[in-house]
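Just so it is clear, none of the values below were taken in a lab; they were calculated from the coordinates. Owing to the predicted nature of the structure, the values given are computational and were not obtained by experimental measurement. Counting neighbours? That spans all protein chains shown, and the Cβs are built from the backbone with ideal geometry, glycine included.
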Amino acid sequence: MIVAGEASGDMHGANLVKAMSRIDPALRFYGIGGKRLKEAGVELMADSAKMAVVGLTEVFFKLRFILKVMGQLKKSLREIKPDLVILIDYPDFNLALAKTAKKRGFRVFYYISPQVWAWRKGRIGKIRRVVDKMAVILPFEARLYEESGFDVTFVGHPLLDLVKTKYSREEARRKFGLQEGKTTVGILPGSRPSEVVKLLPEMLKTAGILQEKLASVQFILPVADTLAMDFVSRITRQYPVEVRLICQDTYEAISSADIVMVASGTATLETALLRTPMVIVYKVSALTYYMGNIFVKVDNIGLVNIISGKTIVPELIQEEASPERIAAEIMDILTDRARMNNIKEELSKIREKLGNPGAAERAARLAYGMIEGKAGG
């Protein structure tokens, strides 16, 4: 069984499944995921896109469906009796499932740790009771789990194998019909419809301000494969800004930009690995933000800043994430050559902090070793 509840988990899960299948082509997988896990050969019981949520209030609207899926998975433990349960991120759902799986005697492998370093560090003891082995993708995560006597392995970050471009910046701009010599601003509003509805209008208003301030500017928006092109274009058409929508070539689109405004999440790290300066934007419901302020104990929310251990790119949260503030930060970076160069230099250091390529292969060997160990026992 493999369960990935969000777009990034679907991507990393698919690469894990492919790597495990190379070790043993006879392996069969079923569970929860999206397009990429399905393409990797996983028999899906539900689409993860219907389960992805941002914040507390969104959970309420999807709770009935989420509970139904949980019931199906628990039933499958009795009927299918998988040799291994693989859980990817999506902690509140997956840890509840892990508790049931462990109680019924199934071995549990967790790939991509819940972010206990950001909130509820006290959960590590509870996680250890329901997870047999943890594979983490950030180096400081391993230290946290080891201190609690957890069986944990740092496998490196899977994005190191994935974030690559086929073209130079000039070639990418030609491919996308962008004009050389114009300032190119990227727009990355997230991979979930709820994020896009909240953030894209603010980003398009920002684009309108930049259009007034910059003599020559163009905008590019790589549409996440979890989103329908029509859904995004319906929003962009409501604003008097020309935006080039790109499908599939996300990394080329990011690398073609001089700077991007990006929703907090995995995309910030992808952008960092492409050494593209950015402004991170984050907006959730008032209730979620209030609860987050109580529980979240980190100085930064952007992965790129967390990994760096300092604020190297600006983060605009809630009311601060206004079109005026976003535009002001972008203008400051574009017009301050020293700041721009410093950001690029700091971003270039991110890659070396994330271990070595081959995370999926290392995680696959760990997971397959648990299956072999079960067979041997």
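Just a few scattered comments:
- Tensor-based shape of segment 315-377 (alpha-carbon gyration tensor, a/c under 1.5 rounded, otherwise prolate or oblate): oblate
- Residues Val185, Val197, sorted so that the one with the fewest Cβ neighbours within 10 Å comes first: Val197, Val185
- Extension gain, Ala338-Glu352: 0.36 nm per intervening residue step, less the Cα-Cα distance, totals 2.8 nm.
- Cut-off 19 Å, label 7 Å out along Cα→Cβ of Lys62, residues of segment 1-38 by amide N: 2-14, 31-38
- Ordering Met261, Met203, Met45 from the fewest to the most neighbouring beta carbons within 10 Å gives Met45, Met261, Met203.
- In this structure, the pairs whose alpha-carbon distance is over 32 Å, taken from Lys50/Lys99; Lys35/Lys283; Lys133/Lys166; Lys18/Lys310; Lys102/Lys166; Lys81/Lys353, are Lys133/Lys166; Lys18/Lys310; Lys102/Lys166; Lys81/Lys353.
- GNM result for the chain, Cα springs below 10 Å: residue of Ala101, Ala26, Ala263 fluctuating most strongly: Ala26
- Reported to the nearest whole Å, the Cα centre-to-centre distance from segment 331-377 to segment 73-145 is 21.
- Residue of Glu324, Glu346, Glu147 that the Gaussian network model of the chain assigns the largest fluctuation, springs spanning Cα pairs under 10 Å: Glu147
- Highest mean packing first, where packing is the average number of other Cβ atoms within 10 Å per residue, the peptides 231-240, 363-372, 68-77 line up as 363-372, 68-77, 231-240.
- Once the Cα atoms are used to define both axes, helix 323-335 deviates from the longest principal axis of the chain by about 70 degrees.
- Residues Glu79, Glu202, sorted so that the one with the fewest Cβ neighbours within 10 Å comes first: Glu79, Glu202
- Each of Ala26, Val232, Leu138 was placed along the dipole of the chain (beta-carbon charges, centred on the mean Cα), and the one lying farthest toward the positive end is Ala26.
- Convex hull volume per residue, computed on the Cα atoms of the chain, equals 135 Å³.
- Gain on full stretching of the segment that runs from Asp230 to Ser168 - 0.36 nm per residue minus C-alpha separation: 19.5 nm
- Rg/Rh ratio calculated on Cα atoms of segment 169-353 (Kirkwood radius): 0.94
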